[in-house]
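Step one of this worksheet: look at the structure below.
The values are calculated or read from the model by the stated rules, or taken from the named source; none is laboratory data. As the structure is a prediction and not an experimental result, all values here were calculated from the model. Here the Cβ positions follow ideal geometry from the backbone for every residue, glycine too, while neighbour counts run over all protein chains shown. Surface accessibility is based on the protein's heavy atoms, side chains included, excluding ligands, DNA and RNA. Shrake-Rupley method; radii C 1.70, N 1.55, O 1.52, S 1.80 Å.
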Amino acid sequence: MTLAEAIFLTVITASTPLLLAAIGELVVERAGVLNLGVEGMMIMGAATGVAVAIVTGSSLAGVLAAIAAGMAMAAIFAVLTLGLAANQVASGLSLTIFGLGLSGVVGAPFVGIQREGIGKIPVPFLSEIPVVGPILFRQDPFVYLALALVVGVSWFLWRTRAGLVLRACGENPVSAHALGYPVLRIRLYAVLFGGACAGIAGSYLSLVLTPFWTSGMTAGRGWIALAIVVFASWLPWRALIGAYLFGGLIILQLHAQSAGVRVPSQFLAALPYLITIVALTAIMALRRSGGSVAPQGLGRPFVPDR
Amino acid sequence: MSAPVPLLEAEAITRRFATLVANEAVDLKVMPGEIHALLGENGAGKSTLVKMLYGLLQPDVGRILWRGKEVSLPTPKAARALGVGMVFQHFSLFDALTVAENVALALDETAPLAEVSERIVEVSRAYGLPLEPKREVWRLSVGARQRIEIVRCLMQDPQLLILDEPTSVLTPQECDGLFATLRTIRGEGRAVLYISHKLEEVRGLCEAATILRLGRVVARCDPRAETAGSLARMMVGSNVGEVRRARAEGRAPVRLRVDNLSLASDDPQGTSLRSVSLEVGAGEILGIAGVAGNGQDELFGVLSGEARAPEAGNIVLDGEAVGWSGINARRRKGAAFVPEERLGHAAAPRMPLSDNALVTGHAAGGLARRGFLDRARMLGWVDAVTRAFDVRKGPRDPEAASLSGGNLQKFVVGREILHKPQLLVVSQPTWGVDAGAAMLIRQALIDLAAGGAAVLVISQDLDELFEVTDRMAVIFHGRLSPAYPTGELTREAVGLLMGGEGFAAPREEAA
């Protein structure tokens, strides 16, 4: 394996949790809900995933538990913002703080316990292709899942009626309600999907990337996932680009540090957010004659008049 | 032959919201092949009633019959399955989606978009409602948006079409097109339930009318046999007066002059102003007619000081160039402004009325002194506006958002007029306001002008402009026609100007 191949591999593994969480949040925001609790849902997924995997000895059980944990966190958020029409920003922020705290409790008995990570599954034949094969087709199942999600979500949002209804709820919940669509239920499903994705992303951290638990191990990846959604201007394939770009930056940061490049690590850590701001400004400038980029109903609570 | 069965019948419908009775024992009968008018003031309960007929709300008491059989309408889907279609007053469209996607959302069966597009083209051709399925909605004019709503209803093959104030946003020519479509629909044996404030239009179009007042049915009639005056009397329950006009003739000094003002719009979807010039004299009301989105918002913004004019001399107020002055500087010179959007622009929804009085009164209204608020005077101001303009509200100082649209409109107009401004710029002064309140507001504008103020009224309501203005100009694609004396204008002439006749061909075509 050449050095370039090795770097590509690490970029892919660094990008996958970002992509998983971002694609979930993208669906949530397309439905008009801003869930800033991605970091909290993700770390709960990480803690629960590794805990259950250690207790049961099964990685699959760990992943399923992580999904359940992410969805449970999302359900709390849904009760607050959809059921009680609470402010979405405040609820999301508190979800993150809550998740960071609770995950410490869940993970406490498992600190420092090492276990075997989830292995890679080579795709028959395709993984034999020189250069590209080992990079793209000799990966762990999460990488395939993340790519499948990009394709699936893209297809769902633009090729299915359910996806059209979901986008409609994000654009104009009042009209969607007037047409007879159950806006709150659709938003609930979207929020739960976002929670599940964040949970999987978290389990990737604790079961694959670094197969043990340390508190606070998400290290801001949930926030980067949120930035990716904005960077992607709410389009799944752009989220793919964003995730790999930002994942690449994380790796670049590590290599730069070890190579002794005299760039402050804080600057590199801030780069994803800077790029998001620049990208957003560029998109707005390019769309000067166009409509707005974000879903119109994003972040606004909706209460049906019954 | 037995008596024909009504297509839709509502029997003794009652619906309450907390303590408010929106509908009480309302009966309504719509026959097949009939255009039936539903009339009433703001808050008479028309919208509540049709929402129940469309399954958006449930009646507390009473039953709904469809072709003589009792039905329940738990959802709009159930109503659509029966054959009820509805065109909403505030369009229920999704701006970022295409025409075809918007239509597909309203269809109950799943169909591929390509097929939906084909059917849109078919239906729009059959009823004379031109539409392009692939266009995104935000690119379309208000008239085209309404056509989407109608087409998407017609694609369900409805037997009853409900239209909630469909003409309030259309030019006279667009209205004629709509009426032709409605007559085609009636000709096919379908029924139309038609909500409107415009009584002349109802008289010309409808064969039957049910009139609501305070949630009860007060009259049923054949509008063709009534006059606009008698219909208004039934709606309001008393005589609606005519506004009084008494004014000295002769040229008064010019208070506001706009001189060759061109301004590119910040908003990508906005309209740029192109060499707009106008003059308003003391004691005069100048009206600006035009279909929404032709530069009215931009003109209002630059007149009020929310946007800066390219040159200070573009706007002259009492002889002083104010094009670069802020809104407070203009207020201190005796100007006042009432924007079109009452909630969110004219008033902060979650703030009490007293704070909202302060919002425009802090600079020149004496409501603040040396940086401190004078709460007593603010409340006194609210009371004064309430008295003078008959603002109906529960508590003394409620949140702006809790007032009904018409009452809030009376408040935001009254708040400015009580300052006795030397110049009042007002946009859509009576938008969505019932006949009685509209008359009150229009009379106040006329009285203000009679007291020597210059008044500029931007409105889409031609009846209103003909009633109150001395001179009238039309805005189209950001350009303003010359102002003509109102007495010399006809409705048709203004309608043609609103559609762009008589303006030189614009250099760049609007996308």
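From the set of residues in segment B:364-386 that are over 13 Å from B:Leu353 (Cβ atoms) and among the aliphatic types (A, V, I, L, M), which is surrounded by the fewest Cβ atoms within 10 Å (Cβ to Cβ)?
B:Ala376
Among the residues of segment A:185-196, is any within 14 Å of chain B (Cβ to nearest Cβ) and either of a type outside the set (Phe, Trp, Tyr) or open to solvent by less than 30 Å² (accessible area, probe 1.4 Å) (or both)?
The answer is yes, given that some residue of segment A:185-196 is within 14 Å of chain B (Cβ to nearest Cβ) and either of a type outside the set (Phe, Trp, Tyr) or open to solvent by less than 30 Å² (accessible area, probe 1.4 Å) (or both).
Looking only at segment B:109-138, how many residues end up being in a loop (DSSP other than H, G, I, E, B) and within 9 Å of another protein chain (Cβ to nearest Cβ)?
The number of residues fulfilling the criteria is 2.
Starting from segment B:20-34, keep only residues that are touching a residue at least 12 places away in the same chain (Cβ under 8 Å) and at positive phi, then list their pairs with residues that are among the charged types (D, E, K, R) and open to solvent by less than 60 Å² (accessible area, probe 1.4 Å) whose Cβ atoms are within a distance under 8 Å, requiring at least 6 positions of separation or different chains.
B:Gly33/B:Arg186; B:Gly33/B:Arg190
Looking at segment A:21-58 only, could you name the residues that are farther than 21 Å from A:Ala108 by Cβ and in a helix (DSSP H, G or I)?
Matches in segment A:21-58: A:Ala21, A:Ala22, A:Ile23, A:Gly24, A:Glu25, A:Leu26, A:Val27, A:Val28, A:Glu29, A:Arg30, A:Val38.
Could you look through segment B:92-108, keep only residues that are at the interface with chain A (Cβ under 9 Å from one of its Cβ atoms) and of a type in the set (Gly, Ala, Ser), and pick out the one that is most open to solvent (accessible area, probe 1.4 Å)?
Ranking the candidates gives B:Ala96 first.
Among (1) more than 29 Å from A:Gly248 (Cα to Cα); (2) open to solvent by less than 60 Å² (accessible area, probe 1.4 Å); (3) touching a helix residue (DSSP H, G or I) at 6+ places or on another chain (Cβ under 8 Å), where does A:Ala90 come up short?
It is condition (3) that A:Ala90 fails.
If you scan segment A:198-225, which residues turn out to be buried (at least 24 other Cβ atoms within 10 Å of the Cβ) and among the hydrophobic types (A, V, I, L, M, F, W, C)?
A:Ala198, A:Ile200, A:Ala201, A:Leu205, A:Leu207, A:Trp213, A:Ile224, A:Ala225
Within segment A:218-253, can you find the residues that are without any contact (Cβ under 8 Å) to a residue 40 or more places away in the chain and part of a helix (DSSP H, G or I)?
Those that are without any contact (Cβ under 8 Å) to a residue 40 or more places away in the chain and part of a helix (DSSP H, G or I): A:Arg238, A:Ile241, A:Leu245, A:Leu249, A:Leu252, A:Gln253.
For segment A:154-171, how many residues are open to solvent by less than 40 Å² (accessible area, probe 1.4 Å) and either aliphatic (A, V, I, L, M) or within 8 Å of another protein chain (Cβ to nearest Cβ) (or both)?
The qualifying residues number 7.
For segment A:173-183, give me the residue count where each residue is at the interface with another protein chain (Cβ under 7 Å from one of its Cβ atoms) and either of a type in the set (A, V, I, L, M, F, W, C) or open to solvent by 40 Å² or more (accessible area, probe 1.4 Å) (or both).
Of the residues in segment A:173-183, 2 are at the interface with another protein chain (Cβ under 7 Å from one of its Cβ atoms) and either of a type in the set (A, V, I, L, M, F, W, C) or open to solvent by 40 Å² or more (accessible area, probe 1.4 Å) (or both).
Exactly one condition in (1) surrounded by 14 or more Cβ atoms within 10 Å (Cβ to Cβ); (2) at pLDDT 95 or above is not met by A:Ile97; state its number.
In the conditions (1) surrounded by 14 or more Cβ atoms within 10 Å (Cβ to Cβ); (2) at pLDDT 95 or above, A:Ile97 misses (1) alone.
Considering only residues that are in contact with a helix residue (DSSP H, G or I) (Cβ under 8 Å, 6 or more places away or on another chain), of a type outside the set (Val, Ile, Thr) and open to solvent by less than 10 Å² (accessible area, probe 1.4 Å), which ones fall in segment B:438-474?
Within segment B:438-474, B:Ala438, B:Leu445, B:Leu456, B:Ser459, B:Glu464, B:Leu465, B:Met472 qualify.
Can you name every residue in segment A:157-176 that is part of a helix (DSSP H, G or I) and polar (S, T, N, Q)?
Hit for segment A:157-176 is A:Ser175, nothing else.
For segment B:273-332, which strands (runs of 3 or more DSSP E) that fit wholly inside it have 3 or more residues that are open to solvent by less than 30 Å² (accessible area, probe 1.4 Å) and either touching a helix residue (DSSP H, G or I) at 6+ places or on another chain (Cβ under 8 Å) or within 29 Å of B:Arg145 (Cα to Cα) (or both)?
It comes to B:285-289.
Could you tell me whether B:Arg203 is in contact with a Pro (Cβ under 8 Å, 6 or more places away or on another chain) and either part of a helix (DSSP H, G or I) or within 20 Å of B:Met31 (Cβ to Cβ) (or both)?
Yes.
Could you run through segment B:155-170 and say how many residues are open to solvent by 10 Å² or more (accessible area, probe 1.4 Å) and not acidic (Asp, Glu)?
6
Keeping to segment A:113-153, report how many residues are within 18 Å of the chain's Cα centre (by Cα) and open to solvent by 40 Å² or more (accessible area, probe 1.4 Å).
Number satisfying all stated conditions: 6.
Do we find a residue being within 14 Å of chain A (Cβ to nearest Cβ) and in a loop (DSSP other than H, G, I, E, B) anywhere in segment B:11-30?
Yes, some residue in segment B:11-30 is within 14 Å of chain A (Cβ to nearest Cβ) and in a loop (DSSP other than H, G, I, E, B).
Scanning for something more than 29 Å from A:Thr2 (Cβ to Cβ) and modelled with pLDDT of 90 or more, does segment A:133-145 turn up at least one residue?
no
Within segment B:194-236, restricting attention to residues that are among the small types (Gly, Ala, Ser) and open to solvent by 50 Å² or more (accessible area, probe 1.4 Å), which residue is nearest to B:Ala438 (Cα to Cα)?
If we take residues in segment B:194-236 being among the small types (Gly, Ala, Ser) and open to solvent by 50 Å² or more (accessible area, probe 1.4 Å), then B:Gly204 is nearest to B:Ala438 (Cα to Cα).
Looking at segment B:171-193, which of its residues are among the aliphatic types (A, V, I, L, M) and crowded, with 17+ Cβ neighbours inside 10 Å?
Residues satisfying the conditions are B:Leu178, B:Leu182, B:Ile185, B:Ala191, B:Val192, B:Leu193.
Out of all the residues in segment B:301-350, which are among the β-branched types (Val, Ile, Thr) and under 20 Å from B:Ser427 (Cβ atoms)?
Result: B:Val302, B:Ile315, B:Val322, B:Ile327, B:Val338.
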